[in-house]
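FYI, it's all coordinate maths here, none of it is from the lab. What you see is a predicted model, and the numbers here were worked out from it, not measured in a lab. Here Cβ is always computed from backbone atoms with ideal geometry, including for glycine, and neighbour counts include all displayed protein chains.
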Amino acid sequence: MADTEGFDELYRASRDRLAVQLAALTGNPSDANDVVQEAFMRAWLRWGTIGGYDDPEAWVRRVGHNLAVSRWRKARKLVLQASVSVARTESPGPRVPILAALQALPVAERRAIVLHHVAGLPIKGVAIELRAPEGTVKSWLSRGRTRLATELDRLEHETRQGEERHPGSSETGDLTDVTDSGKPSRSEKGSRR
């Protein structure tokens with residue numbers, strides 16, 4: 001029988017951490033949670049082998065990444081084959097600027113940044129995980145951080161411009177004295193007398 005305590009401990013200790021890492025890679029927290037669950041299911045099915053690895057979390061992370069890439073490729077293929085426009089799918093709620101900025105990076109740089117800065121792996125660990133020389137990882141990290149900073153600045157600038165374009169919007173959202181046509185309501189006209 002499989003070592004259920006070891007698997008349970010791995011799951012509790014790394015599930016949320018892996019979901020955050022994959023959300024940073026995919027830009028979609030919901031998809032990231034689905035991929036993490038699938039990766040853990042696959043780990044459970046092979047736990048007799050994976051439980052003996054030095055770092056079972058690395059195996060789950062790699063499987064999660066592979067699943068996310070596979071989903072992305074399938075979705076891209078469907079979009080490219082579709083003859084009608086496809087609605088863009090995003091997670092509900094406001095988009096976190098760092099996730100949006102990460103999506104603008106090339107995949108190699110994004111993975112290196114997520115593994116090093118989010119997962120906390122040292123450069124050597126990132127190199128092993130990505131199967132790349134340490135010098136290449138350092139280059140990806142350097143270029144990725146530069147592009148990330150540029151993209152965050154761009155997003156912040158766009159946000160400020162958007163706020164400047166809509167100066168009439170108030171914090172309270174009180175529009176009770178204006179009709180749909182933008183003219184003062186009767187109650188407002190009467191109060192001016």
Next on the checklist: Order 52-58, 109-115 from most to least packed using the mean count of other Cβ atoms within 10 Å.
Outcome noted: 109-115, 52-58
Checklist entry - What full-extension length gain, to one decimal in nm, is calculated for GLU134 and SER70 as 0.36 nm per residue of separation minus the Cα-Cα distance? => result 20.4 nm
Checklist outcome for this item: One finds the C-alpha centres of the range 1-43 and the range 110-124 to be spaced, in Å, by 17
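Expected output is a single nm value to one decimal: the length gained when fully extending between ASP16 and GLN37, i.e. 0.36 nm times separation in residues minus the C-alpha distance. What is it?
Numbers: separation 21, 0.36 × 21 = 7.56 nm, distance 1.05 nm.
My answer for the length gained is 6.5 nm.
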